[in-house]
Structure formats: C-alpha cells, structure tokens
1. For B:ASN25, all conditions in the list (1) polar (S, T, N, Q); (2) without any contact (Cβ under 8 Å) to a residue 24 or more places away in the chain; (3) surrounded by 14 or more Cβ atoms within 10 Å (Cβ to Cβ); (4) within 11 Å of DNA strand D (Cβ to nearest atom) hold save one; what is the number of the exception?
2. Which of the residues that make up the stretch B:58-68 are β-branched (Val, Ile, Thr) and at the interface with chain A (Cβ under 10 Å from one of its Cβ atoms)?
3. Does A:SER55 meet the test of being without any contact (Cβ under 8 Å) to a residue 24 or more places away in the chain and within 10 Å of chain B (Cβ to nearest Cβ)?
4. Residue by residue through the stretch A:106-133, note down the ones that are assigned to a helix (DSSP H, G or I), hydroxyl-bearing (Ser, Thr, Tyr) and surrounded by 20 or more Cβ atoms within 10 Å (Cβ to Cβ).
5. In the same structural domain as A:TYR76 (by the TED database), under 17 Å from B:ILE52 (Cα atoms) and in contact with a helix residue (DSSP H, G or I) (Cβ under 8 Å, 6 or more places away or on another chain): is that true of A:GLN128 in this structure?
6. Going by what's in this entry, would B:VAL184 be described as among the β-branched types (Val, Ile, Thr), surrounded by fewer than 19 Cβ atoms within 10 Å (Cβ to Cβ) and either away from chain A (no Cβ under 14 Å) or touching a residue at least 12 places away in the same chain (Cβ under 8 Å) (or both)?
7. Condition first: away from chain A (no Cβ under 12 Å) and touching a strand residue (DSSP E or B) at 6+ places or on another chain (Cβ under 6 Å). Now tell me which residues in the stretch B:242-272 satisfy that.
8. Taking the stretch B:254-271 as the region of interest, how many residues are touching a Leu at 6+ places or on another chain (Cβ under 9 Å) and under 23 Å from A:THR245 (Cβ atoms)?
Number of protein chains: 2
Amino acid sequence: MSKPKLGDVAARAGVSPTTVSRVLNNRGYLSQRTREKVYDAMRELGYRPNAIARSLKGQRSRMVGLVFPTVANPFYAEMVYRIESFLADAGYRVILCNSDDHPDLEEQYFEMLLSNQVDGIITGAHSQVVANLPHVQAPLVTVDRPGTQKYPNIRADNYAGARMAVEHLVATGARNILHITSTVSEQNLRLAGYRDALTAAGMTPQVLELGFRTPLPRKRELIERYLKESTAGERADAVFASNDTYAAMALNWARTRNLCVPQDFQVVGFDGTETVRALIPELATVVQPIEQIATRAVQRLLQTIESGRQGRPDDTPSPHESDKEQQGSTADVFPVHLHEGGTLRAITVSS
Amino acid sequence: MSKPKLGDVAARAGVSPTTVSRVLNNRGYLSQRTREKVYDAMRELGYRPNAIARSLKGQRSRMVGLVFPTVANPFYAEMVYRIESFLADAGYRVILCNSDDHPDLEEQYFEMLLSNQVDGIITGAHSQVVANLPHVQAPLVTVDRPGTQKYPNIRADNYAGARMAVEHLVATGARNILHITSTVSEQNLRLAGYRDALTAAGMTPQVLELGFRTPLPRKRELIERYLKESTAGERADAVFASNDTYAAMALNWARTRNLCVPQDFQVVGFDGTETVRALIPELATVVQPIEQIATRAVQRLLQTIESGRQGRPDDTPSPHESDKEQQGSTADVFPVHLHEGGTLRAITVSS
DNA sequence: ATGAAAGCGCTAACAT
DNA sequence: ATGTTAGCGCTTTCAT
C-alpha cells in the first residue's frame, strides 16, 4: 500500500476511524488495549497523518509565512533562522518568501500565503505593500521597519543607534562624517539619527543613497567614487553606514588607499550580525539584538493567532485590538549597543 | 462574509461550483459570458482559492521542503535564496527547515515535510539521516554533500577545488600548510584534496577539526590556539580552510599578530559567497557556483516530480531509476574556480 | 457549454 | 469507551 490512510489503520486495528483519530490526537477516553492496537497498526503500515487533510478540517494550518527582502543578506538570514527555530519549537512550519525588495513580488507572495491558509505572517519587507493590504485574513507582524500602524512592529531602536554611533564619531573628533544608506525617506530612522546628531554638532549631513535593488558590485563602485570625491575636497574622515556591508566596502576602500584606520579614517556600520562579526571583528557597528527581535515577533504573532482562535466566532473585530496595537508600537523597540571595533577610535576624556 | 468560498462565488454568479472551478483552472469549455460573470463575482467577493483544499483533492501541494543546517551561514543562505527563487518561478512554495546539523531535528523535519505532503525535498543536511530514510514518499535531491547513492547529488567539485588551492599554495613556495575543517571523514572531499596535494608535494598534512555544532567564538579560540602552536615550532606559513569563515578567522589572527599577508602567511578559504566577497574581497577562496548548483538541483527535482506524476500509478519503481541516478551522480558536479585575493601570492613562473 | 454528485483524508458532533 | 455521520473547500468523472 502506497500511502496508508487513517482508514487503513482503523481497519487493520479493527476499530473505527474515529478511534484512530482519537489516539492520534490523544483526545477523549481510550482503553490502553485499543491504544496499543492502533499504535501497532500505525507502525506496521508506516502510517503518517496527512497534515493537509488536518488543516482543511481543522481550519488551521500551523503554517506561518515569512516575507523578507532576501535571506542572502546576513541580517535577514539570521532573523529568518531565529524565527524559524522559534516557530518550529512552537509546532509551526515556515513558508519562506524572498521578495527581493520588489513590491509586485511581495504582493504575489502575500496572496499566495493567504491562499495557503497560513495562520500568520511575519514580514520585514520594505515596500508599502503591507499598508495597502485590504483586509488581511491572517495575523501579521512586521519586523525591522514599520510598514504601517495597522500591525505590530518589532524592531531595534534605529534612531538611537544611529545617533549613538554618530555622536561617538563626533566625540572622537571626526569633522567630516559621511552617511551611506539604501534609501532616503521619512521612515529611515537611521538616517534621521545621523542627521540630528550631525546638526546638533553643527556639521552638514552628506548622504550617499544606493538604492535597494542595486547589485552589490555596483554599490561598491558608487561607494568608492563617492569616497574618492569626498576625500578630494574637504577631507572625509569618517563613515557611518546603515549596514555592515556598506561599512565593509568603505573600510576596504580606505585600506586600499592606505588610509590609516582609525587614525585618519573611521568606519561604523549597522546590524552587527554574528556572520559579519566573525568575518570582520574589527568593524565597529551598531549591534541589533536579532534574537530578541525574532523571539518577540514570534511571541506577538502566536499570541494574536491563539487569541483569534478562541473568541471571535465571526468577523467582529476583537475588543482590545487597538490597545494591543498601541502596546505593540511602543513597547517593541529594542535597545542596541555599539560594538567598538578597531575601526572606531575610543573617546578620550577631555579635561 | 469572512472567507468566501468557491460555492459563494458560484451562487453569486448564478452558476454551479463546477463552472467556477473550470474558470479558475481554465479547463474545459466556457462561454465568454460565463467567464466574465464568474470573474466579476470573484472580484466582488474578494474570493481567494483555498490552496489547502486544492492540495487535498489534487494530490499535489506544490510545496517543496528545504532542509539545510542553517540559513545563518552565508553559503546556505545564498543557496536557499537561489533555490527559493527558482522554485517560486516554477510555481512552488518552499518550507524552510534549519536542522542545525542535528540528526534528530533533521529526522523530525523530514517526517513533518512528508506529513505536509510536500511534492519534493532538497536537502544539504549533514548527517546520514537521509541515507536511512526508509522509503521517502517524495522525490529528494541532495545538495553539496552526497548523503547516499540513493538520491541525486548536486555539488561543486570539492576535491578539485581543494587540490587546486593547495597546489597553488605549494607553487608559491609555502612549506607548512595547515588545514582547518569542520569534520574529518571519508566523505570530506576538501580534506581529501588537501591531503593528496600535500602528500604529492612531499609534505605532511596537519588538520584542525572544529566540529559542526561548535559555537563560533569557540571555533575562533580553537583556531587561534592552533595557529599559535603551529607557528611556534615549525613555522606555519599558510592555511587552507574548508570555508571562508574559518579562513577569515585565520586571517584576522594573522593580522593581529602583525604577520605580513601574503608574504609571511597565506590564507585560502572555500565557498566564495557574494556576501563574503563583498565583505572581504581580499580573501582568496575557492568559489562555488552556487547559482548553478541551485538551478540544477531545482531542475532535477522538478523533473523527477513531473515524471512521477504521469507514469507510476502504483508504487512500482520506475524503470530508469538507476540510470537517472547514475547520470545524477556523475554529471552534477560543477567546476569551481580560485579567486586570488590579496591573501594569496601569485605563482611566479620559475625558470 | 454546464451541472450533480462523489470523494480527497481527516475530525467533531452526536450517538450508544 | 467506541462508532456513525457529516463535512472542511475543492475537483472531477459522468451526465445532460
């Protein structure tokens, strides 16, 4: 028999399908003898319950969709790794979607996930697609960047992190601090932190915007050209980058030019993934607590899923919805810390 | 209505469920008018087909399971990213499983995937669990390391890559070449390549084995201690590492010690992911064609899935099974190339 | 060109 | 403590 089904087990054990189902789910009254008979039959047949059928019947799939730009980026990779691990522990499977920062793809993926009856979605996608989802049928949690107020957002304190990094640079005496980022926008809190810190110090922001979907080699070119030009006139002596890859590129450029790091040129990145810290331990960076963010995102999602399963027999919005969201928006910002590698000078206590 | 179903659409359009299904699947004869009526009804209701129900009925889920040690490792991250992209293009969704090099977890994941009726599995898991899977009901393709002869294996030419790297080191005049690897075993072809190259050059292999599940910081300690000891007595002047992370750690150690790279100390890694090459472009490494491997793995899987869907009404093994596998085992090894970064000396043509 | 009815594999009332 | 029955949402013969 190719794929034994519950009925086959029942027949073999000489009981009804219901009984087998009960054994499977450990529900209701079962005599010990029956249990054993059923287990034996299962083993003999190599029975494996069909999760698809269970989902259809039970109105829950125990699947969660993950929509992120690309797991090829270490930050998202570690995030996805963590999220998957926590969800697996909780008995959920994960459908992975790499949206490549592409709004169309993102939307398709959301459609697909809902079609697949996922119990929830965690997304760190960049575009505003999330905000425009009409009524998503599944609980949704955003990570890293707030797509909208409609859903809880879990993230690091990007603004504080950026400010801390730039203020540190200022304190070390850097006079000409450049910023490299993917995209310039209102929501870019790292950029905001940089700007505010610079302005407070009486300096002028200088920002290089690379775009999200620019290929890596091209980004590298852009960074090198920008640095070359910036060091030509008024000499740039520090870079604060919105992620570690850009920071590494700046650092590599400086080394190629035989600039003395950190004496003549300082670099600070953002993210502080384990990957990058293992590869370039000397790179100073603002470290995000990825594991904490992941844990919290999963918690929030699971609690929404569970609460949704009990109450709300119809589509009446649950009472505390807005409260919960407010909670979410404010409480789910995690502190970061500055990893002071060799690419950043220590602050000398001035007298 | 919370979640409109096919029947609701039918009612609204004034047709039978069958007709709606036909429109959905674009099958059979449909009048243009009917088509439009149905489409309108779908739009008005915000209908979204239930993929779970489709799977149950259709005996195919269009889901593929991915079992890899951890997507937190850039190599697997890029592999998974590529595989997911190709599969998405082909209309398949991906269930991601991080097995953490843990045989028990691996086994659980395989069980889970089969329970979820995946149409196939692609795995780069380390353990031998794959070999012992009794009769996996789904097509399976292994990637990177051959778990067994039972399934096709797609990978880079690890042996040739290692040999090439080590022979290059020998040719540059390195006299004391260490190897750092995760695990020493018969199947470790990078290790084999290293050994053979060294032996051929009349040198003695010296291998540091770190283990798979050792935490990164601990690995770093082990590497540094090993290098310290090795440079104390007979001075080590080169490291060939089985991946770029180990290579980077060796490199960082050398820099800390103010060894001149590559004059006094050379380093070559393995994998050559885009991530690492962006972060440490100067690191010499054996580059695997990840995208090619991913494409081929997906191709192989899809072709097996498709072929399985037509013939074979029962569980008779399909006739050409062994042939296909032989093909797979031999033809699916991809050539690598050596990226000569600044951590490797050029070969001087001797007279 | 369209519809009726059965069933994919499982679970949950509702019996007994 | 166990069995009967209906049905989750969809597709698919087999009619008409």
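1. For B:ASN25, the failing item is (3).
2. Start the filter on the stretch B:58-68 by keeping residues that are β-branched (Val, Ile, Thr), which leaves B:64, B:67.
Across the stretch B:58-68, there are no qualifying residues.
3. Numbers: without any contact (Cβ under 8 Å) to a residue 24 or more places away in the chain: no; within 10 Å of chain B (Cβ to nearest Cβ): yes.
Spelling it out, it is not the case that A:SER55 is without any contact (Cβ under 8 Å) to a residue 24 or more places away in the chain and within 10 Å of chain B (Cβ to nearest Cβ).
4. A:TYR109
5. In short, no.
6. Working: among the β-branched types (Val, Ile, Thr): yes; surrounded by fewer than 19 Cβ atoms within 10 Å (Cβ to Cβ): yes; either away from chain A (no Cβ under 14 Å) or touching a residue at least 12 places away in the same chain (Cβ under 8 Å) (or both): yes.
The answer is yes for B:VAL184.
7. Matches in the stretch B:242-272: B:SER242, B:GLN266, B:VAL267, B:VAL268, B:PHE270, B:GLY272.
8. Pass one, the stretch B:254-271, residues touching a Leu at 6+ places or on another chain (Cβ under 9 Å): B:254, B:257, B:261-262, B:265-269.
Add one more test, that the residue is under 23 Å from A:THR245 (Cβ atoms), and what stays is B:261, B:267-269.
Number of matching residues: 4.
The values are calculated or read from the model by the stated rules, or taken from the named source; none is laboratory data. Bear in mind the structure is a predicted one, so any value in this text is a computation, not a measurement. Note that we place each Cβ from the backbone using ideal geometry, even for glycine, and neighbour counts take in every protein chain shown.
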